Amino acid sequence: MLSSGLTLIFGMMGILNFAHASFFMIGAYLGYQISYFTNFWIALMLAPVLVGYFGVIIERYGLRNIHKYGHIAELLFTFGLFYIIEEMVQLIWGKTPVPYKVPEILNFPLIEISGLSYPAYSLFRLVLSILIFVAIYRVLAKTKTGLIIKASLTNPNMVAALGHNVPKVFGNVFGFGCGLAGLAGVLAGNVIGTEPSMALLLGPIVFVVVVTGGLGSIKGALVASIIIGLMQTLAVALEVDFNSFLNLLGFEVDKDTTLNYFTSLTISQLSPIVPYLLLILVLIARPRGLFGKRDV
């Protein structure tokens with residue numbers, strides 16, 4: 001959901017929103033605060049709407065005014081917005097993690113395979129994410145609204161001549177993308193931990209997913225998310241170092257040499273850079289990404 005929201009904004013509107021993960025963080029904090037006073041289900045419905053409206057305000061009174069100055073101005077604006085939102089979060093909720101917990105009704109192991117349990121809450125998030133993906137894909141590919149959104153990017157003057165308010169379309173798309181990030185924050189904040197640095201940790205990987213999948217491709221965001229998730233999970237589980245591969249090839253590295261410092265690294269230790277290695281390979285082989293229609 002986080003990648004889909006950025007795909008709508010980055011791929012279809014051409015806006016380099018470096019603060020996208022900050023809307024994810026706001027969604028997580030609002031999810032915590034609303035569920036604290038009410039319950040998780042009200043937070044799940046209300047927090048994304050509030051984040052979406054906040055995104056509309058940012059687009060209307062910020063990005064819309066600097067759009068005419070080009071992508072560099074947009075990048076600097078959203079880059080600064082990232083730090084402003086982080087400071088605001090720390091002023092309101094502090095610098096320590098908040099006790100945002102999984103709802104009790106879904107806090108139980110649903111399936112056990114080989115001693116590993118799969119929580120019911122994880123299945124709920126998975127099903128909801130798939131349903132939202134299908135809904136977005138159908139709206140963009142099969143409805144008049146999707147045609148207007150895509151046409152507003154490629155030929156805004158013609159769309160305006162047909163009677164559509166192009167700035168309002170962009171504002172709504174930006175707000176909807178931010179709302180998706182907020183929804184992802186509500187669903188994930190109680191699992192990964194809701195604290196001020198969560199946006200900084202997730203921001204880079206989201207851009208990797210979007211670029212790898214292809215700019216503007218919702219399907220690409222889904223496929224890239226699954227591929228990167230599986231690759232990272234597999235890499236974390238592999239406690240194999242490069243010395244083992246060299247031994248199979250008949251080479252042996254002296255343990256007292258500097259080279260051994262690098263060859264002794266295990267695949268699990270390198271798991272954080274796996275997505276970026278995949279990104280490099282994809283951009284070399286296919287600069288437009290897996291399902292993109294234009295080069296990055």
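The values are calculated or read from the model by the stated rules, or taken from the named source; none is laboratory data. It should be emphasised that the depicted structure is a prediction, and the values quoted were computed from it without experimental measurement. Heads up, the Cβs are rebuilt from the backbone with ideal geometry, glycines too, and the neighbour counts pull from every protein chain shown.
Only helices (runs of 4 or more DSSP H) whose full extent lies in region 105-191 are considered here, and the ones with at least 2 residues that are in contact with a Pro (Cβ under 9 Å, 6 or more places away or on another chain) and over 24 Å from G216 (Cβ atoms) are 120-142. When the criteria are applied in full, K95 meets the requirement of being touching a residue at least 60 places away in the same chain (Cβ under 8 Å), surrounded by fewer than 16 Cβ atoms within 10 Å (Cβ to Cβ) and either farther than 25 Å from L222 by Cα or out of contact with any strand residue (DSSP E or B) (no Cβ under 6 Å at 6 or more places or on another chain) (or both). Taking L106, is it surrounded by 14 or more Cβ atoms within 10 Å (Cβ to Cβ), modelled with pLDDT under 90 and not β-branched (V, I, T)? Judged against the criteria, L106 is a match. For region 205-212, the criterion of being farther than 21 Å from L50 by Cα, surrounded by 23 or more Cβ atoms within 10 Å (Cβ to Cβ), in contact (Cβ under 8 Å) with a residue 24 or more places away in the chain and not hydrophobic (A, V, I, L, M, F, W, C) is satisfied by at least one residue.
Candidates L140, L123: the one that is of a type outside the set (D, E, K, R), surrounded by 12 or more Cβ atoms within 10 Å (Cβ to Cβ) and free of Cβ contacts under 8 Å to residues at least 60 places away in the same chain is L123. Among the helices (runs of 4 or more DSSP H) confined to region 194-296, the ones with at least 3 residues that are modelled with pLDDT of 80 or more are located at 198-213, 218-237, 274-285. Does K144 fit the bill of being under 29 Å from N39 (Cβ atoms) and either modelled with pLDDT under 85 or not hydroxyl-bearing (S, T, Y) (or both)? No; evaluated as a whole, the condition is false for this residue.
A single entry from G27, G52, G31 fulfils the requirement of being closer than 14 Å to G182 by Cα, buried (at least 20 other Cβ atoms within 10 Å of the Cβ) and in contact with a strand residue (DSSP E or B) (Cβ under 9 Å, 6 or more places away or on another chain): G31.
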